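Novice: Have a look at the structure that comes next, please.
All of the numbers you see were taken from the coordinates with simple rules; none came from a lab. The model shown is predicted, which means the values in this text are computed figures rather than measured ones. With ideal geometry, Cβ positions are generated from the backbone for all residues, glycine too; neighbour counts draw on all protein chains shown.
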């Protein structure tokens, strides 16, 4: 491994002098970033980077912590720990979770029970501390936007009730100390390029 780092390190490091957006637009940088992605990231986010249940899609513009290039680099470097606590007791047990779930479904204009949603609206105040009063999320906390069509753990009534009742724990491992700064820079540029608005 030391021989490989010695041989290829300067190649990775030359991109460190460039802005992440410039690297994302560079054909060689993109190709190197893709290889690194397939080696280190595809196990969780998929070879097409579209994610899976509990693993975010990296090709859309929906980012829990923000999709700016430097924020993506910080996520790769330092990792992320996303946690939603179990909220069943705070919203009134199983019935309360069902009511809040229907209110959340209404926020994203998905099929829902209007009567349950109306009952869940007042209970949503507990959720608003992280997700905001309108349910649009909070990137500073990694709290998702509940008004769009993007669901990390599934957007069915059952999945949302489970999330409310039992909570969720997500972990993106830090790559600092595992990958060189040059590799992280290339990875961040590649991932940024997957979803950057053209």
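Novice: Rounded to the nearest 500, what is the 222 nm mean residue ellipticity of the chain from helices alone, with -39500 (n - 2.57) per DSSP H run of 4+ residues and division by all residues?
Specialist: -15500 deg cm²/dmol
Novice: Moving on. Can you tell me the 0 to 90 degree angle between the C-alpha axis of helix 27-40 and the longest principal axis of the chain, rounded to 10?
Specialist: With both axes taken from Cα atoms, the answer is about 60 degrees.
Novice: Could you list the residues of the range 141-171 with an amide nitrogen less than 18 Å from a label point located 7 Å from the Cα of residue 68 in the Cα-to-C-beta direction?
Specialist: 141-143
Novice: Take the chain, connect every pair of alpha-carbon atoms lying under 10 Å apart with a spring to form a Gaussian network, then pick out the residue of 137, 29, 167 with the largest mean-square fluctuation.
Specialist: Residue with maximal mean-square fluctuation among 137, 29, 167: 167.
Novice: Next up: Give me the extension gain from residue 52 to residue 140: residue separation times 0.36 nm, minus the current Cα-Cα distance, reported in nm with one decimal. List each step's numbers first, then the result.
Specialist: Details: separation 88, 0.36 × 88 = 31.68 nm, distance 2.31 nm.
Taking 0.36 nm per residue and subtracting the Cα distance, the gain is 29.4 nm.
Novice: Hey, another quick one. Give me the angle, in degrees from 0 to 90, between the Cα long axis of helix 69-78 and the longest principal axis of the Cα atoms of the chain, rounded to the nearest 10.
Specialist: Between the helix axis and the principal axis of the chain, the angle is about 90 degrees.
Novice: Work out the FRET efficiency for residue 174 and residue 110 from their Cβ-Cβ distance, taking R0 = 41 Å, and round it to the nearest 0.05.
Specialist: So, using R0 = 41 Å, E works out to roughly 0.75.
Novice: Out of 69, 90, 27, any idea which swings most in a Gaussian network model of the chain, alpha carbons joined below 10 Å?
Specialist: 27
Novice: Using only Cα atoms, what Kirkwood radius does the range 83-170 have, in angstroms?
Specialist: 12.4
Novice: Could you give the angle, 0 to 90 degrees to the nearest 10, between helix 93-107's Cα long axis and the longest principal axis of the Cα atoms of the chain?
Specialist: The answer is roughly 70 degrees.
Novice: How far apart, in nm, are the 7 Å Cα→Cβ label points at residue 19 and residue 195?
Specialist: Between residue 19 and residue 195, the simple spin-label model gives 2.1 nm.
Novice: Also, I was wondering about something else. How much length is gained on full extension from residue 166 to residue 90, taking 0.36 nm per residue of separation minus their Cα-Cα distance? Could the numbers behind the result be given before it?
Specialist: On the way: separation 76, 0.36 × 76 = 27.36 nm, distance 1.17 nm.
Working it through step by step, the gained length comes to 26.2 nm.
Novice: Gaussian network model of the chain, Cα springs within a sub-10 Å range: biggest mean-square fluctuation belongs to which of 177, 54, 79?
Specialist: Among 177, 54, 79, the largest GNM mean-square fluctuation belongs to 177.
Novice: Which whole-number percent of Cα pairs in the range 1-79 have a distance greater than 20 Å?
Specialist: Numbers: 1171 of 3081 pairs.
Tail of P(r) above 20 Å: 38 percent of Cα pairs.
Novice: Which whole-angstrom value gives the distance between the alpha carbon centres of the range 94-141 and the range 166-183?
Specialist: 30
Novice: If you don't mind, another one. What translational diffusion coefficient, to the nearest whole µm²/s, does the chain have by Stokes-Einstein, given a Kirkwood radius computed over alpha-carbon pairs, a temperature of 20 °C and 1.002 mPa s viscosity?
Specialist: Rounded to a whole number, D works out at 118 µm²/s.
Novice: Could you give the length gained on full extension between residue 31 and residue 7, defined as 0.36 nm per residue of separation minus the Cα-Cα distance, in nm? List each step's numbers first, then the result.
Specialist: On the way: separation 24, 0.36 × 24 = 8.64 nm, distance 1.80 nm.
Length difference between fully extended and current span is 6.8 nm.
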